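The next block holds one structure in the form of structure tokens; read it before the comments.
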4 protein chains.
Amino acid sequence: MITAGIIGATGYVGVELVRLLLAHPEVGKLSLSSVSFEGQNIADIYPNLRGNLRGKTDGTLGDADAVVEESDVVFTALPHGVAEKYAASCVEKGKKLIDLSADFRFGEDEETFRAWYGKSWEFLAVHDESVYGLPELNREKIRKARVIGNPGCYVTAATLSLLPVLIRNLVKCDLIIVDAKSGITGTGRNPTATNNFSESGESFAPYNVGKHRHQPEIARNMSCAAGKPVNVVFTPHLLPMSRGIIATVYAPLVKPMTAEEIHEIYAAHYENEPFVRVLPIGSTATTRNVRGSNFCDVSVHVVNDGTLLETVAALDNMVKGAAGQAVENMNLMFGFAETAGIDQVPAAF
Amino acid sequence: MITAGIIGATGYVGVELVRLLLAHPEVGKLSLSSVSFEGQNIADIYPNLRGNLRGKTDGTLGDADAVVEESDVVFTALPHGVAEKYAASCVEKGKKLIDLSADFRFGEDEETFRAWYGKSWEFLAVHDESVYGLPELNREKIRKARVIGNPGCYVTAATLSLLPVLIRNLVKCDLIIVDAKSGITGTGRNPTATNNFSESGESFAPYNVGKHRHQPEIARNMSCAAGKPVNVVFTPHLLPMSRGIIATVYAPLVKPMTAEEIHEIYAAHYENEPFVRVLPIGSTATTRNVRGSNFCDVSVHVVNDGTLLETVAALDNMVKGAAGQAVENMNLMFGFAETAGIDQVPAAF
Amino acid sequence: MITAGIIGATGYVGVELVRLLLAHPEVGKLSLSSVSFEGQNIADIYPNLRGNLRGKTDGTLGDADAVVEESDVVFTALPHGVAEKYAASCVEKGKKLIDLSADFRFGEDEETFRAWYGKSWEFLAVHDESVYGLPELNREKIRKARVIGNPGCYVTAATLSLLPVLIRNLVKCDLIIVDAKSGITGTGRNPTATNNFSESGESFAPYNVGKHRHQPEIARNMSCAAGKPVNVVFTPHLLPMSRGIIATVYAPLVKPMTAEEIHEIYAAHYENEPFVRVLPIGSTATTRNVRGSNFCDVSVHVVNDGTLLETVAALDNMVKGAAGQAVENMNLMFGFAETAGIDQVPAAF
Amino acid sequence: MITAGIIGATGYVGVELVRLLLAHPEVGKLSLSSVSFEGQNIADIYPNLRGNLRGKTDGTLGDADAVVEESDVVFTALPHGVAEKYAASCVEKGKKLIDLSADFRFGEDEETFRAWYGKSWEFLAVHDESVYGLPELNREKIRKARVIGNPGCYVTAATLSLLPVLIRNLVKCDLIIVDAKSGITGTGRNPTATNNFSESGESFAPYNVGKHRHQPEIARNMSCAAGKPVNVVFTPHLLPMSRGIIATVYAPLVKPMTAEEIHEIYAAHYENEPFVRVLPIGSTATTRNVRGSNFCDVSVHVVNDGTLLETVAALDNMVKGAAGQAVENMNLMFGFAETAGIDQVPAAF
């Protein structure tokens, strides 16, 4: 049994981590911190947790340094650009760190990070050794990693939707379109005009067209899988619902293929993946079917007379898109069963 | 054709007034102000208005004094306790004022206002002459008024649901229960944890149990109608939807009556009211059926072996519960058709 | 490890049972039947279950008799009036049955059942021995029962909200008002005009005013707790959300009490209950905080100068209001930990 | 003042027509029919209409032949393949017909209609003379038409989003991707598993990938505008909301252009269109801003280093996507102001 710490436990990703780790069979103790609510009890801020702390924590929100001190693994769920120093500290103290911001999503490529996030790095060594935490791409590296950059929510959906054909060079790389849609939890806990129910309910729109920060991360993953540069156009939209992401992806095939051929490749590629479900031909990935779980459902469709692959990937942005995948990474890093604590059966409604 | 001014045009009530007055046949010009967005254009803040200003305004948000100067009637849609000085100024200049805060909802009873809203009055004369703007209660007084206190949203539903039996002394006054539910627009434009979609969607709860500020206003109206003190317990709840209020009201009958007897009284009482629809026996008031309109639907039910009257009143909190009723008051004050500009047919969905 | 069977596995309550039992540590095998989908696979009808059957079932929907034959405990999730024969059969074969319809909610009182459900009974003996499955009321009887009538969703909320004061005769019994609100899953899987998103979204209304079938069941429970007849007026409403019930209950106190006094009684009464959380004074029960869990949150409020107790009870209508409570009953009947398989931490959003 | 008839008045499109025509200043009388509810009153089926019939109809739902007889213009809001005979009858009697099904959306091209809708035509002459009712494309022809095929909802959004660049041959025609999303009213009044709130709320997915019937209609319009074949891939998705469509369209530019250049072309092209609002650069079309109105908002974005035009078109699927556009066609056919009866200001929430 290990002790897990969460720095930034009261943000949405943080509290979702709390939910998952409270029920995790290999985590015996939780250590929590929050800048906004230091000294308060997390069960007062999130009353859903009342009476549920299970002896793993008394709920007190301490400071970040204490979390590092007490924990075997630290999850940082912080604004972009803040996790570095905790990572350095964890490495020094022989602890592991899983960061849920973008700070470790670009490996040693500081330039791209700086271009999109407007910040420089200070602790270059931790970036050098950090591993991008997408198990379907990097499982073995993750097992040995000390610092993990947990993937973006949209990015996970987009990457998983094309991985099998990118690796096999079955799609053209000059223009792949990712039209993605996310639930409102993606905007986080901070109340804004954008997530005010009165204006976001019963409404739908794209945002950050042509300039969302997940674009370079998607392109990086796809290029890495294809072994050559992949050009991605990415458009996110905001859905009038709480949880869930759909990525509808359009990728021209190198040569015409049938849906059956594509499906066979996907089914084989993901056969042993515990969290990717390739749907039967004729089915379509749907957010409801993965809600609250760590699954990513993928459906494949071939359109335009066999020349265009269209894939749909659905996941829960707070689970496989954030906290669940972070726990999956922890499981790999500590040699636990990969599904430990994240084997929830999604509800039908 | 008159000029109407709105002080506080960018709050939710303010912009709903803009929507209604832009389409009002007797309003030729609009004058708008906003503290938060002074100098900006309202169509940039509310893009729904783009290309819809119809020559009545160029959309510029000016200052409050200019609005008073330019307008024949001024609507104040401000935080509680601020409208007084504009009212005094309007009276002095021979203009009319309709206030949508609570400031003029208690007539000359400063004590109750102070007890519930924590503020004192400065311009007592305008309070003395102010009229409570519920047309179904005060139509003739409204026609002659210079200063109107527009009723609260919950209050309008609660009052209309019992008016016919209170006036006729058919219900007992020692304990009337008003269990009311409102859409989230009632929390206003300011984004908060309460109206963040992620937490308010797919959720429901009461709030301010036993201490909501609409309680004394409901009690005042009911007592006024009954001619004696009426004791009201009022519980508001927040619905996971944008617009609409339901008040479910429980009132013990003085003597057992049938639904038919009650229905006949309601139908007769509201026969000539343009905005109150008494539903046939067997139907139940529903927010969808009044959405976007100035209607208040009322259904009557007799339960507990004929001893308890249960009424349901449904209205759109932003229209009959706020901006629509304010326009109705304006229509009465200027001798326009009472339904002018507020005769929208509610949509089925 | 036992084998659990579900007759009616494709209705909403049935599939929620499947979700919970798939993750239940003491259930090794599941046997499923469905009249509507016999011969099909449940994972095709509910794709959320795909790849989640965990070796407990292959998903095939068989016939009801096979379920009885194969199972140690049978859950019947059927229309009212159909479960009797399965109960008789289970009793005969030494198996246990938990019925989620109303058939066994009235003990041996066939008259009330017939009056409200329009059907008579055939197997009187099983009714005689059946136990009403509300653990907070009947825990010890449930442990020994062979046939359980699982409580109604509204009924569970209403009963738990007043149990401590009814038992102690602290509230008057001549008129208790239960104003309750339910999510749309309560209308079930059958698509109707009532649950069509286009008309039920962004809308709210009461239904079945004065004549909902949960009224006699609430009255029965409350009378049983109070030891004398309790007169209940019950009004259900339909919320524009999927899961969750709130019961706002108004009960006049026998003598004035403070919120602190009431709270102390509730806290003590429910101290050892694993699934009832009495909220601190000042907090209000909210459906979001119990969503997906077996908790019933109860908040107590004293209004009207200490003379009226107002309680709010929140639960997930599909869990503590149906499938979760049924599993709780199973746990008690088989001597499992009461929380086994139903200890989900509710999510914050 | 004319008499307008609606055959199929109780479907969602039918009742939206009723809402608009009740408030239309040039329509003096309404004649309504419904197969499902013949003999009943529409205000009993849609209680939002209660007390709103304004002397234009008593609400009685008669038969279709009577509607044809009594009306100057007949709207057919029927399943595909049924309107033909009413069109023939209207032409014979000198009346006008506006059909809201797909029957007259393909001009004289029966083959395409048969391929996608599985039905043949009987009255070829009325197809020959029918006009496709998209005013932005065919305004002058519509003025003289006797039979109009009202465009599909998705089709209107997709077509308006690219019209200016197609006409000017600024985009390549070999692969245009239309990723579109619609509110649930698009599934109509018939309750199904798809529109059951419990499963459609808090969920999102594509449907009919690669085979939705609006694909050939979009391709036809785009090809017509471009003067050469345009190849379109179209993917519809279902949103958890009632009203609104967004089409996000990806079209490769013939040569790189700036957003400013594109915007100037759109602004000029739509300058005199009463219902198309080209948003300023930096704004993004959003369904909320057009809800309940006949506007189509279009925003233009240039991505992928100036090589890819991305447009977003937002409209209300029930108004500009169906009933509102039908009224617009009526206005043109009768020489009324084009905006008569469809000049609603969209609400901010």
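Tabulated results
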read-out: Which of A:Ser120, C:Ser182 is most accessible, then next, and so on - probe 1.4 Å; value: A:Ser120, C:Ser182
read-out: Average beta-carbon neighbours from other chains, 10 Å sphere, peptide A:287-299; value: 4
read-out: Note, ³J(HN,Hα) from phi for segment D:153-167, Karplus 6.51, -1.76, 1.60, rounded to Hz, x at Gly and Pro; value: 5, 4, 4, 4, 4, 5, 5, 5, 6, 10, 3, x, 8, 5, 4
read-out: Shielded by partner chains, segment B:334-349 residues - at least 50 Å² of accessible area, 1.4 Å probe, vs chain alone; value: B:Val345, B:Ala348, B:Phe349
read-out: Projected-area average for segment C:66-194 over all orientations - Cα convex hull basis, square nanometres; value: 9.9
read-out: Environment charge at B:Val82 (Cβ cut-off 12 Å; Lys +1, Arg +1, Asp -1, Glu -1); value: -2
read-out: Average silhouette area of segment D:240-349, convex hull of alpha-carbon atoms, in square nanometres; value: 7.8
read-out: Over 29 Å between alpha carbons, listed pairs B:Lys211/B:Lys255; C:Lys96/C:Lys119; B:Lys144/B:Lys320; B:Lys95/B:Lys211; D:Lys172/D:Lys320; value: B:Lys211/B:Lys255; B:Lys95/B:Lys211
read-out: Accessible area in square angstrom per residue, the protein assembly as shown, 1.4 angstrom probe; value: 31
read-out: Bridge type composition, the protein assembly as shown - antiparallel percent by DSSP, nearest 5; value: 45
read-out: Calculated FRET value between B:Lys141 and B:Val35, using beta carbons and R₀ = 22 Å, to 0.05; value: 0.10
read-out: Share, in percent, of DSSP beta bridges within chain A that are antiparallel, nearest 5; value: 45
read-out: Paramagnetic label zone (point 7 Å from Cα along Cα-to-C-beta, A:Thr194; backbone N under 17 Å) in segment D:266-282; value: D:282
read-out: Karplus (6.51, -1.76, 1.60) ³J(HN,Hα), θ = phi - 60°, over segment A:66-76, in Hz, Gly and Pro reported as x; value: 4, 4, 4, 4, 7, 9, 7, 9, 10, 9, 9
read-out: Shape box of the protein assembly as shown [Cα atoms, principal axes, largest first, Å]; value: 81, 77, 65
read-out: Candidate aspartates and glutamates for bridging to D:Lys141, where Cα separation is under 12 Å - those fewer than 8 sequence places away on the same chain excluded; value: D:Glu129
read-out: Taking segment C:117-206 and dividing mean pair separation by its residue count, relative contact order in percent (alpha carbons under 8 Å, at least six apart); value: 16
read-out: 15 Å Cα-Cα reach of C:Lys93 towards aspartates and glutamates, excluding residues that sit fewer than 8 places from it in its own chain; value: C:Asp65, C:Glu69, C:Glu70, C:Asp72, C:Glu84
read-out: Taking chain D and dividing mean pair separation by its residue count, relative contact order in percent (alpha carbons under 8 Å, at least six apart); value: 17
read-out: Accessible area buried at the A-C interface, both sides summed, 1.4 Å probe (Å², nearest 100); value: 2600
read-out: Cβ neighbours within 10 Å from other chains - mean over B:41-50; value: 5
read-out: Global size of segment D:234-282 as Cα Rg and Dmax, reported in angstrom; value: 14.2, 39
read-out: Inter-copy separations for B:Pro252, label at 7 Å along Cα-Cβ, nm, ascending; value: 0.4, 8.0, 8.0
read-out: Other-chain or far-sequence residues with amide H under 5 Å of C:Arg189's (modelled H); value: C:Tyr12
read-out: Karplus-derived 3J(HN,Hα), 6.51/-1.76/1.60, for each residue of segment A:321-336, Hz, glycine and proline x; value: x, 7, 5, x, 5, 5, 5, 4, 4, 4, 4, 5, 5, 9, x, 7
read-out: Copies compared at C:Gly188 - label distances in nm, ascending, label defined 7 Å from Cα in the Cβ direction; value: 2.5, 4.6, 4.6
read-out: Centroid-to-centroid separation of segment C:309-349 and segment A:46-71 [C-alpha atoms, Å]; value: 24
read-out: Number of partner chain Cβ atoms within 10 Å, mean per residue of A:5-13; value: 1
read-out: For chain A, convex hull of alpha carbons as volume per residue, Å³; value: 133
read-out: Cα centroid separation - segment B:219-279 against segment A:109-182, whole Å; value: 60
read-out: Around B:Ser242: net Lys/Arg minus Asp/Glu count, Cβ-Cβ under 15 Å; value: +3
read-out: Relative contact order %, segment D:237-349, counting alpha carbon pairs below 8 Å whose residues are six or more apart; value: 31
read-out: Dipole-positive endmost among A:Leu53, A:Gln40, A:Pro79 within segment A:1-105 (Cβ charges, Cα centre); value: A:Leu53
read-out: Estimated inter-spin distance, A:Leu124 and D:Lys255, nm [label 7 Å along Cα→Cβ]; value: 4.4
read-out: Cα-derived Rg over Rh, computed across segment C:17-110 with Rh taken as Kirkwood radius; value: 0.98
read-out: Spin-label zone in segment D:121-146 - amide nitrogen under 11 Å from a point set 7 Å from the Cα of D:Glu110 along the C-beta vector; value: D:121-128
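The values are calculated or read from the model by the stated rules, or taken from the named source; none is laboratory data. This is a predicted model, so every value here is computed, not measured. Cβ: placed from backbone, ideal geometry, glycine included. Neighbour counts: every protein chain shown. The protein model used for the area step is the full one, side chains on, heavy atoms only, and it has no ligands, DNA or RNA in it. Shrake-Rupley method; radii C 1.70, N 1.55, O 1.52, S 1.80 Å.
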